[in-house]
Amino acid sequence: MNLSATIRGVVYRFGSVKEVLAKANSPKSGDDLAGVSAREPVERVAARAVLSEITLAELRQHPVVPYELDELTRMVEDTLDQAAFDAVKHLSVGQFREWLLDTRTTGPTMRAIAPGLTPEMAAATCKLMSNMDLMVVGAKAQVVVRANNTLGLPGRLSSRLQPNHPTDDVEGILYSAREGLSYGCGDAVIGVNPATDTPESTAQILRHLNDLCVRNAIPTQCCVLSHVTVQMKALDLGCPMDLMFQSLSGSEKGNRAFGISVALIDEAYDKMRRLTSNRGPNVMYFETGQGSALSSDAHHGADQVTLEARCYGFARRYKPFLVNTVVGFIGPEYLEDGPQITRAGLEDHFMGKLLGLPMGCDACFTYHARMSQDELETLKVLLGAAGCTYLMSLPVGDDIMLNYQSTSFHDIPSVRGLLGKRPAPEFDAWLTERGILDGCKPGERFGDPTVLR
Amino acid sequence: MSFTRTMVHDLRTRLAGADPLPPPPPVPEIPFPPARVFPSPKRRTPFAAEAARHTTALVGIGHVGTRYATDVVLQFQAELAVAHGAVYTALPEDWAAKQGLLPLQSRVTDHREFLLRPDLGRRLDAASVARLRENARRGVDIQPILADGLSAVACMGSGMALLDHFVKACEALGFSVGTPVCARFARVWLEDEIGEVVGAKVSAILLGERPGLGTGDGLSAYLVYDPKIGKTDGDRNMMSNIHARGAPPEQAGKRLAALAGAMLTQRTSGVPLDLAPIRSDLGDAVVGGYPAPTPRVRLVSVGTAGETK
């Protein structure tokens, strides 16, 4: 394996595949913070040149966290689909990029090889792609999932309705939920981040959300995003639960900081399949985000894009209904500005889809990152064009509990209108019946929350 | 003519000859749109009025096509500008000395580095360590620290008021209080090194919190027992949302002194600290939770009702 390249007579040597992966990464403040990024732009290109000739078989032999040290590496290695891997293992990363971009490589073909790809392969390919490359391949990917409705079909764009409230005031949550539904939002999930992380509170919010859906016959899912152990206890209380949520990290150590392990999520998944109120077959919901491993000093010297891909390697074990990256939430020390947040959103969507996940994105910024509202609105259109499964949706995009700026109730119908996309079909039919939508256009009751009881 | 040229010619004809666009319709009469005003209590819908009793989320705001009314856009932009203004204001270098506080600085040298390198914001620069050793009282119960954090605007706004109330409340409870210091480009964990250098039992940092929409003036406080480098978040107790609309400085100062007192009595802080004995002193303070809802106020009005800038 060749780990050096020459540009204008200067030889660039790299010590390991992990170093090549890190230095080939697009500029990210989090990689600078970790001290793993390229020192200058030409070195970055040299790393990409080296990476372009490394084969997928070699990448499998060199995971960024060793097999002996990390249960995620072991899980991925031990469960990789050999036939799918054999079909692509001879390709270099550069050749694999070209194969993905080839118009003869279709969504179904990509789905066939996905189980043979390790996260490192998805991350490596990402590093050789421009934003538009990422969008073109992302848009081809085909990942369709079903719970109470069906997500990810061609021509569809869904949204999570996020009616958070800083004190879990159920009435306040329901007012935001009704408003969002009247804008056609909420087909991915009505998902609340709770202020209080207890089984009783989780169960109480879930019961109220479920009542809202039953009362209005809404074909969607409800979820309260407390810790997985809290949700498991809430299930024991006998509450309805359509999706079970957990945040994931890209290494065993990072997951330990989140209070989870493969065994724990296995147990949660098993319990959920027995006790869920959702018609299935997909019952899990995961969130990820570049930089989470470094923030708990669990990055093992790897770059944040590769670690993010490893979250997807973890997630796919559970055939989730929803996975989204929360791309600008972590702050400017990991993603500094608009270009970095935009790039990360497109990267994560591409990698997740390539690995077979129904990838959504919380396109967002905190108020100390250098991203403008205009840049954020642009990113939502880019993600929609890239075939992103779902975005978030909040009143004016403002999370009054978590204090950050995301997608608004008004953005979802706007992006759908611009790109000719529709909500999930079951939800679409419900919106039409309630007069909220009229075909592709806003209907008579659009934006009128009193249409919901 | 070749096949292609014939096809192109036919296409042009079918696309309406010389001009591909038909003439526009007659100029219409354009009436004034209905007033859509936020957040005028008089004009809002019953839904919005009911919702406002339960949430500060902007609901019941209506729409123009699929977008916001102009008034909502301006309100949103004003709230965003307030937040950005708070983040990007740096604490002037001479501000601490003017307040009579011992000036300290982290290892951060400019504002961009402050945002990108939290690790540097958690350590004092060499000059500050020396200044602290030379000038600060040692071996105290409580070391108070005022700092910019993510909002120098909040620090300069109600920072001195909070510091004064906190120090007075601590002294009223009979605790010895260290030399008040003010740290620039500071992250929460900077309290560990400051407390360690002066040998304080409790280190208390009062600093500007990450602004939300329209709210750049909130302060948070983080207290840690037996401060030293290497303490983690689980070792700390915090109180957020300290401003006129949340917990006002006087009330917050008393609550924080009670919290410090509990740490001194129990000789611990963070997760192991039992808050039950001081529950009544803390009132409804959110310790380790999320900011309480902040009522939204209309920020924009056209005219000269306010102060000229």
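The values are calculated or read from the model by the stated rules, or taken from the named source; none is laboratory data. Since the model is a prediction, treat every value here as computed from it, not as a measurement. Note that each Cβ is placed from the backbone with ideal geometry, even for glycine, and that neighbours are counted across all protein chains shown.
Taking B:Ala57 as the residue in question, decide whether it is closer than 26 Å to A:Asn164 by Cα and either surrounded by 17 or more Cβ atoms within 10 Å (Cβ to Cβ) or among the hydroxyl-bearing types (Ser, Thr, Tyr) (or both). Criteria met by B:Ala57.
Taking the numbered list (1) surrounded by fewer than 21 Cβ atoms within 10 Å (Cβ to Cβ); (2) within 14 Å of chain B (Cβ to nearest Cβ) in turn, A:Arg178 passes all entries but (1). Of the helices (runs of 4 or more DSSP H) entirely within region A:1-96, those holding at least 2 residues that are at pLDDT 95 or above, touching a helix residue (DSSP H, G or I) at 6+ places or on another chain (Cβ under 9 Å) and of a type in the set (S, T, N, Q) occupy A:71-79.
Evaluate region B:15-33: report whether one residue or more is outside any loop (DSSP other than H, G, I, E, B) and surrounded by fewer than 10 Cβ atoms within 10 Å (Cβ to Cβ). Within region B:15-33 (the criterion being outside any loop (DSSP other than H, G, I, E, B) and surrounded by fewer than 10 Cβ atoms within 10 Å (Cβ to Cβ)), the answer is no, since none of the residues qualifies. Taking region B:56-116 as the region of interest, none of the helices (runs of 4 or more DSSP H) fully inside it holds 3 or more residues being touching a residue at least 40 places away in the same chain (Cβ under 8 Å), facing chain A (nearest Cβ under 7 Å) and among the hydroxyl-bearing types (Ser, Thr, Tyr).
Taking region A:397-411 as the range and being more than 8 Å from chain B (Cβ to nearest Cβ) and either farther than 18 Å from A:Asp374 by Cβ or of a type in the set (Lys, Arg) (or both) as the test, the residues that pass are A:Asp399, A:Phe409.
Given the criterion assigned by TED's automatic domain parsing to the domain that holds A:Phe329 and either modelled with pLDDT under 95 or basic (Lys, Arg) (or both), identify the matching residue among A:Ile400, A:Ile436, A:Ile412, A:Ile341. Explain how you work it out, then say what you get.
Details: A:Ile436 fails: either modelled with pLDDT under 95 or basic (Lys, Arg) (or both); A:Ile412 fails: either modelled with pLDDT under 95 or basic (Lys, Arg) (or both); A:Ile341 fails: either modelled with pLDDT under 95 or basic (Lys, Arg) (or both).
None of the other options fit; the residue is A:Ile400.
Checking region A:423-446 against the condition returns no match, with no residue being away from every other protein chain (no Cβ under 12 Å), under 26 Å from A:Pro339 (Cβ atoms) and not charged (D, E, K, R). Taking the stated definitions as given, is A:Lys319 in contact (Cβ under 8 Å) with a residue 12 or more places away in the chain, more than 14 Å from chain B (Cβ to nearest Cβ) and more than 22 Å from A:Val189 (Cβ to Cβ)? Taking the combined requirement at face value, the residue does not satisfy it. Can you tell me which residue within region A:20-56, out of those that are without any contact (Cβ under 8 Å) to a residue 40 or more places away in the chain and of a type in the set (Asp, Glu), is nearest to the other protein chains (Cβ to nearest Cβ)? Looking at the filtered set, the residue picked out is A:Asp32.
Condition check ((1) surrounded by fewer than 21 Cβ atoms within 10 Å (Cβ to Cβ); (2) at pLDDT 95 or above) across all residues:
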site: A:Gly250; (1), (2): no, yes
site: A:Ser261; (1), (2): yes, yes
site: A:Ser296; (1), (2): yes, no
site: A:Leu322; (1), (2): no, yes
site: A:Tyr334; (1), (2): no, yes
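May I ask you to verify whether A:Glu377 is more than 22 Å from A:Gly250 (Cβ to Cβ) and out of contact with any strand residue (DSSP E or B) (no Cβ under 8 Å at 6 or more places or on another chain)?
Details: more than 22 Å from A:Gly250 (Cβ to Cβ): yes; out of contact with any strand residue (DSSP E or B) (no Cβ under 8 Å at 6 or more places or on another chain): yes.
Answer is yes for this residue.
The residue that is nearest to the other protein chains (Cβ to nearest Cβ), among those in region A:356-396 that are over 29 Å from B:Asp148 (Cα atoms) and of a type in the set (Asp, Glu), is A:Glu377.
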